[in-house]
């Protein structure tokens, strides 16, 4: 499905969405077509890290998976 990813802080995205609602844009349409802030929460700060977090989210969306860690060590250690 197509969507628009919004760059910016949570505050800026919140302000933008409130403005859309106030202008009469249907809430279901907003939820269906907007994602924001775009990217996975990996603690990204630099432009390169932010780009990586966005690409990671896009790959997960395309593949239809919920992102999660691949770490299996705890299961290996504590498996009974």
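Computed from the coordinates by the stated procedures, all read-outs in this text should not be read as laboratory data. Just so we're clear, the structure is a prediction, and the values are computed from it rather than from any experiment. Please note: Cβ atoms are built from the backbone with ideal geometry, for glycine as well, and neighbour counts cover all protein chains shown.
Kindly list the residues of segment 6-43 that lie in the label zone of residue 56, defined by a backbone N under 19 Å from the point 7 Å along the Cα-to-C-beta vector.
Label zone hits: 6-10, 35-43.
Could you state the angle between the C-alpha long axis of helix 10-22 and the longest principal axis of the C-alpha atoms of the chain, as a value from 0 to 90 degrees rounded to the nearest 10?
That works out to roughly 40 degrees.
P(r) for segment 4-78: what percent of alpha-carbon pairs falls in each 10 Å bin, starting at zero?
16, 38, 29, 12, 5, 1
Between segment 1-29 and segment 64-80, how many Å separate their Cα centres?
Here the answer is 34 Å between Cα centres.
Set the Förster radius R0 to 30 Å, insert the Cβ-Cβ distance between residue 70 and residue 23 as r into 1/(1 + (r/R0)^6), and round the FRET efficiency to 0.05.
Between residue 70 and residue 23 the formula returns 0.10.
Which value in deg cm²/dmol, rounded to the nearest 500, describes the helix-derived mean residue ellipticity at 222 nm for the chain, given -39,500 (n - 2.57) per DSSP H run of n ≥ 4 and division by the residue count?
Computed mean residue ellipticity for the chain: -16000 deg cm²/dmol.
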